[in-house]
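In what follows, a single structure is set out as C-alpha cells and then discussed.
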Amino acid sequence: MSELLSVLLPALTLAFCAGAAVTFVVGFPRAVRQSRARAAREAAERAARRAPAPARSPAPRSEPAAAPPPVVTAEPAAPAAVAPTPPPALRPAPEPVPEPAPAPAPEPRRAPDWLGGLRKSRGALAGRIDALLRGRAELDAGALEEVEAVLFGADIGVRTAEQLLEAARAAGSPGEVRPALERAALEMLDAVPQPAIDVASSPHVVLVVGVNGSGKTTSIGKLAARWRAEGKAVVLAAGDTYRAAAIDQLAVWAERTGADLVRGEPGGDPAAVAFDAVKHARAEGADVVVVDTAGRLQTDQGLMDELAKVARVIRKEMPDAPHETLLVVDGNTGQNAIRQAQEFSRAVPLTGIVLTKLDGTAKGGVVLGIAQEVSLPVRYVGIGEGVDDLYDFVAADFVRALFTPEG
Ligand SMILES: Nc1nc2c(ncn2[C@@H]2O[C@H](COP(=O)(O)OP(=O)(O)O)[C@@H](O)[C@H]2O)c(=O)[nH]1
Ligand SMILES: [Mg+2]
C-alpha cells in the first residue's frame, strides 16, 4: 500500500503542476487582455468624468491646478482606448511604398497657376492700379492719392498698405509703380524667416489650429495624402473631440490616405488624444503625427487655454514637439487673419500659416499683412477642396500673380 502511494503521489503531484502550468500559459494573456480592456474602459470613463461638458460652453474648461495633468494618469491605461479602429496602415504596409529619396531640398509643390480667387485679387489690386495709372504721364500727387485709396481698400492691413505706398511714391513714373509694388511685396515676404520643414525628427509632430470652418481637417487630409505619397507613415490625431462628426471626418481622411488614426471618445480630452497619438507614433516608428483640433475663436480664453494644454501635454511625451504649429486661415478672412494669428500665437507659438480657399477669394493679399504684422511664413495654400489642392506657398509666384494684371 505504502509502495503504491509512494508511486502515485509524485505522479499526481506532477500531473497537477502540469495542469496548473497550462492554465497559466493559456489564461495569462487573456487575463492581461481583460485587465487592459478593463483599464481602458476605466480610462475612458475617467476621461468622460473629467470632461463631461458638451464642449463649447463659454466657460473655460478648468485644468485642475494642483493635480498632475490628467493625461499622464490616463496614459498607462489608455492605448487600447485610444486606437480602437486604427487602419492597419503602419504595420502591414497596404501597398509597397517607395523609399523616400533623401533629397536635400525637395522642389516645392507649386500651384500650376494662382487660380480663381487670386484672379479676383488681381482685379482688386493690379488691375485697379493699372487702370488708374494708364494714360498718366506723371506720378503726381493725384495719382498717388488714387494708389493710396486702392491699397488701403485692399484689405491687406494698414502697415502693409503704408509700406507699399512708400514704394509707389519712390517709383519714378506711373509705369514704374507696379514693378515697385511687386518688389516691395516680395521683400516683405522674404523678410519672414522660412525655416525648412524638417520632417526628419521622428516623429515630426504638427499641431493644426484655427477658427471653425477654416479648413483644418481638410488641409490635414491633403497633407496626409502628400506625405503618404512620399512613403511616410502618418498618424492623424482626432483632437477635435467636441463633435463625433469631426472625428469621423478625420477618420475618412485617415482611411483614404492610409494613415493611422488615434481617436478618443467624443467629449474626451483633446490633450489626451494628442499625447496618445505621439506615443503611438513613437512606438510604431511613424514619420509624422498631425494633430487636428476643434475650431475656436481667438477670443475664447477657455478654449485658447485648452490649446496651450494640448501643446504642453504633447511636450510631456516628446519635449521638442510640436515641431510645427500651423494656423489654418480662411483666405476670405481678410485682415481678421492678422488678429487670429496674433491671438493664437499667444496660446501656442505658431510656426506657420496655411491659407485656404484661395480659389474663391479676392483677399489673398492678406498674406502680406500676415508677413508684416506677425512675421509668420505661409507654408501652404489651399486652392480647392480636392485632395491635391494644397500647394507650397512660393512667394515669388504669389507676388507675381497678385501684381500682374490679367490679359
Ligand atoms: N473651396 C475650398 N474649400 C475648402 C478649402 N479648404 C477647405 N475647404 C472647405 O471648407 C469647409 C470646412 O473645412 P474643414 O476642413 O471641415 O474646416 P475645419 O472646421 O477648420 O476643420 C469644407 O467644406 C471644406 O471642403 C479650399 O482650399 N478651397
Ligand atoms: Mg475640423
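The values are calculated or read from the model by the stated rules, or taken from the named source; none is laboratory data. Since the model is a prediction, treat every value here as computed from it, not as a measurement. All Cβ positions, glycine included, derive from the backbone under ideal geometry; neighbour counts span all protein chains shown.
Go through segment 219-249 and report how many residues are away from ligand 2 (no atom under 13 Å from the Cβ), more than 14 Å from the chain's Cα centre (by Cα) and either within 22 Å of LEU327 (Cα to Cα) or assigned to a helix (DSSP H, G or I) (or both).
Summing the residues that are away from ligand 2 (no atom under 13 Å from the Cβ), more than 14 Å from the chain's Cα centre (by Cα) and either within 22 Å of LEU327 (Cα to Cα) or assigned to a helix (DSSP H, G or I) (or both) in segment 219-249 gives 2.
Are any of the residues in segment 268-279 part of a loop (DSSP other than H, G, I, E, B), in contact (Cβ under 8 Å) with a residue 40 or more places away in the chain and either buried (at least 24 other Cβ atoms within 10 Å of the Cβ) or among the β-branched types (Val, Ile, Thr) (or both)?
Within segment 268-279 (the criterion being part of a loop (DSSP other than H, G, I, E, B), in contact (Cβ under 8 Å) with a residue 40 or more places away in the chain and either buried (at least 24 other Cβ atoms within 10 Å of the Cβ) or among the β-branched types (Val, Ile, Thr) (or both)), the answer is yes, since at least one residue qualifies.
If you go through segment 188-211 one residue at a time, how many are of a type in the set (A, V, I, L, M), within 16 Å of ligand 1 (Cβ to nearest atom) and out of contact with any Phe, Trp or Tyr (no Cβ under 7 Å at 6 or more places or on another chain)?
Here the count works out to 4.
Going by the conditions given, is ARG178 over 21 Å from VAL348 (Cα atoms), of a type outside the set (A, V, I, L, M), surrounded by 24 or more Cβ atoms within 10 Å (Cβ to Cβ) and touching a Ser or Thr at 6+ places or on another chain (Cβ under 9 Å)?
Spelling it out, it is not the case that ARG178 is over 21 Å from VAL348 (Cα atoms), of a type outside the set (A, V, I, L, M), surrounded by 24 or more Cβ atoms within 10 Å (Cβ to Cβ) and touching a Ser or Thr at 6+ places or on another chain (Cβ under 9 Å).
Return the residues of segment 388-405 that are within 16 Å of ligand 2 (Cβ to nearest atom) and surrounded by fewer than 20 Cβ atoms within 10 Å (Cβ to Cβ); say none if nothing qualifies.
Listed by number, the list is empty, since nothing qualifies.
Taking segment 362-375 as the search range and keeping residues that are in a loop (DSSP other than H, G, I, E, B) and surrounded by fewer than 24 Cβ atoms within 10 Å (Cβ to Cβ), which one is modelled with the lowest pLDDT?
ALA362
For the structure I just gave you, tell me whether THR325 is over 24 Å from GLU265 (Cβ atoms) and either modelled with pLDDT of 95 or more or surrounded by 21 or more Cβ atoms within 10 Å (Cβ to Cβ) (or both).
Yes; evaluated as a whole, the condition is true for this residue.
Go over the candidates ILE314, ILE338 one by one and state the one that is at pLDDT 95 or above, of a type in the set (A, V, I, L, M, F, W, C) and either over 16 Å from the mean Cα position of the chain (by Cα) or buried (at least 23 other Cβ atoms within 10 Å of the Cβ) (or both).
Among ILE314, ILE338, only ILE314 is at pLDDT 95 or above, of a type in the set (A, V, I, L, M, F, W, C) and either over 16 Å from the mean Cα position of the chain (by Cα) or buried (at least 23 other Cβ atoms within 10 Å of the Cβ) (or both).
If you check GLY172 against the conditions, is it away from ligand 1 (no atom under 16 Å from the Cβ) and in a loop (DSSP other than H, G, I, E, B)?
Criteria met by GLY172.
Assess whether VAL378 counts as being of a type outside the set (Gly, Ala, Ser) and either under 25 Å from LEU151 (Cα atoms) or crowded, with 24+ Cβ neighbours inside 10 Å (or both).
yes
Just one of ALA167, ALA185, ALA154 is assigned to a loop (DSSP other than H, G, I, E, B) and more than 16 Å from ligand 1 (Cβ to nearest atom); which is it?
After ruling out the rest, the residue left standing is ALA154.
Filter segment 212-253 down to the residues that are within 8 Å of ligand 1 (Cβ to nearest atom), hydrophobic (A, V, I, L, M, F, W, C) and crowded, with 24+ Cβ neighbours inside 10 Å and list them by number.
Residue satisfying the conditions is ILE220 alone.
Please find, among VAL290, VAL313, VAL252, VAL328, the residue that is within 14 Å of ligand 2 (Cβ to nearest atom) and part of a helix (DSSP H, G or I).
VAL252
Could you say whether any residue in segment 254-267 is over 21 Å from GLY213 (Cβ atoms), crowded, with 22+ Cβ neighbours inside 10 Å and either within 11 Å of ligand 1 (Cβ to nearest atom) or among the acidic types (Asp, Glu) (or both)?
Yes, because at least one residue in segment 254-267 is over 21 Å from GLY213 (Cβ atoms), crowded, with 22+ Cβ neighbours inside 10 Å and either within 11 Å of ligand 1 (Cβ to nearest atom) or among the acidic types (Asp, Glu) (or both).
For segment 144-172, enumerate the residues that are of a type in the set (Val, Ile, Thr) and under 19 Å from GLY127 (Cα atoms).
Passing the criteria: VAL147, VAL150, ILE156, THR160.
Kindly list the number of the only condition in (1) more than 27 Å from the chain's Cα centre (by Cα); (2) modelled with pLDDT under 90; (3) closer than 20 Å to ALA337 by Cα that fails for GLY172.
Exception for GLY172: condition (3).
Can you tell which of LEU358, LEU297, LEU327 is within 16 Å of ligand 1 (Cβ to nearest atom), in contact (Cβ under 8 Å) with a residue 24 or more places away in the chain and within 15 Å of the chain's Cα centre (by Cα)?
Checking each option against the conditions leaves just LEU327.
Mind checking whether some residue in segment 268-287 is within 11 Å of ligand 2 (Cβ to nearest atom) and not charged (D, E, K, R)?
There is no residue in segment 268-287 that is within 11 Å of ligand 2 (Cβ to nearest atom) and not charged (D, E, K, R).
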